Amino acid sequence: MFSRRWIINYILIFLIVLFTYIGNRFDVETGYQPQQSVTSLKPESIGTMEIQTADAKLILRREEDGWMLESPIRWPANDGDVERLLGITSVKTDSRLAAEEIDLETLGLQFPKASLRLNETLVLFGDTNNIGARRYTMVGSTVYLLPDMLLPFMSQGLTGIVDQSLLPRRFELSALKLPGHEIIRDANNTWRLIDAKGIGQEQIAKLVDNWQNLQALRVKPFSAEKIPQQKITTRLADGRNHDFFVMSIDPEIVIANPQISLQYHFPADLYYQLISLRTDETSG
């Protein structure tokens, strides 16, 4: 005779087969929604981006050498930060609902806190859900519940997405005039000092590299209330001059770019890597 365990196993198998048959035969909905991407966009296909928050509107465009801010200033954007925003195109979730089935006002989507336009696709950001700190996000006619990662970043505005180097690499630099020193690029594409001795080539090249690659600790709107301590002039390969103001050296270095009304904050110990050169050093 079969034991009780075997009888139970046979009953379970029978029930599984029966329910599977019923589900297939009558197309029973289980209520589970498989995960899907919130958009059909591919990051590489996106050429324009528009960010709208309560405080600002930013317009960006993809160019050959990276993303460029078009408004409110024309200046290189931080490509890494832009890619972070583009990541929303491939976010997957099973938490979704047709917009027509819910009251958008109760989710903060009737008057969204921010919007992100990728080409022609508009993404709206509403309130957060009380559980799990996820945000109601609408794309087209569908509302999703997504991790709340992008809105805090977008709310930083211009200072959160602009390139954080003083003079981004896409600008071809040909000369840098510091207080007491002038550095030029010679015919051999080598950086050298004019009328100065006792400073190593490595230190000179490192300072120029810092101007084009070193990332500021933070970027803030330019405060023109203080009087600049020094002026630094850069000359580009196309002949244009670009002036920067040294606003502070201690407790931190603050270098302002009045043309785009932004100022860049660096640690105070970078004085000899950004503003001046040591005559007793032969390396950076």
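Every read-out reported here was derived from the displayed coordinates using simple, explicitly stated rules and does not represent laboratory data. Computed from a prediction, not measured in an experiment: that's the story for all the values here. Neighbour counts are summed over all protein chains in view; Cβ atoms, including those assigned to glycine, are modelled from backbone coordinates with ideal geometry.
When the chain is fully extended, how far beyond the present Cα-Cα distance does residue 202 get from residue 64, taking 0.36 nm per residue of separation?
That works out to 46.6 nm of additional length.
Quick one: net charge around residue 210, please, counting Lys, Arg +1 and Asp, Glu -1 for every other residue with C-beta under 13 Å from its C-beta. Don't skip to the end; give the middle numbers.
On the way: positive: 169, 206; negative: 202, 209, 269.
Here the charged neighbours net out to -1.
Have a look at 227, 204, 249 and tell me which one the Gaussian network model of the chain (Cα, springs below 10 Å) gives the largest fluctuation.
Looking only at 227, 204, 249, the largest GNM fluctuation is found for 227.
For residue 170 and residue 122, compute 0.36 nm times the residue count separating them, minus their Cα-Cα distance, and round to one decimal in nm.
Extending this stretch completely gives an extra 14.3 nm.
Can you give me the distance in nm between label points at residue 209 and residue 83, each placed 7 Å from the Cα along the Cα-to-Cβ direction?
That separation, rounded to one decimal, is 2.1 nm.
Label-point separation (nm) for residue 101 and residue 218, each offset 7 Å from Cα along Cα-to-Cβ?
With each label point 7 Å from Cα toward Cβ, the separation is 4.3 nm.
List the lysines whose Cα sits under 22 Å from the Cα of residue 206, skipping any in the same chain fewer than 8 residues away.
Answer for residue 206, where 22 Å is the Cα cut-off: 177, 197, 231, listed by chain and number.
With Cβ to Cβ distances under 11 Å as the rule, what net charge do the other residues near residue 117 carry (K, R +1; D, E -1)? Can you show the working numbers first?
On the way: positive: 57; negative: 50, 120.
Around residue 117, the surrounding residues sum to -1.
Please report how far the C-alpha centroid of the range 178-199 lies from that of the range 98-156, rounded to the nearest whole angstrom.
53 Å
Can you give the net charge of the other residues whose Cβ lies under 15 Å from the Cβ of residue 195, counting K and R as +1 and D and E as -1? Kindly include the intermediate steps, with their values, before the conclusion.
Working: positive: 177, 192, 197; negative: 182, 186.
That works out to +1.
If I stretch the segment between residue 186 and residue 129 completely, what's the gain in nm (0.36 nm per residue apart, minus their alpha carbon distance), one decimal?
Between residue 186 and residue 129, full extension yields 14.6 nm more.
With the dipole of the chain worked out from charges on the C-beta (+1 for Lys and Arg, -1 for Asp and Glu) around the Cα centre, which of 160, 138, 207 lies farthest toward the positive end?
Projecting each Cα onto the dipole axis, the largest value belongs to 138.
Would you please put 75-86, 170-181 in order of how densely packed they are, using the mean number of other Cβ atoms within 10 angstrom per residue and starting with the highest?
Working: 75-86: 17.8, 170-181: 16.2.
Ranked by mean Cβ neighbours within 10 Å, highest first: 75-86, 170-181.
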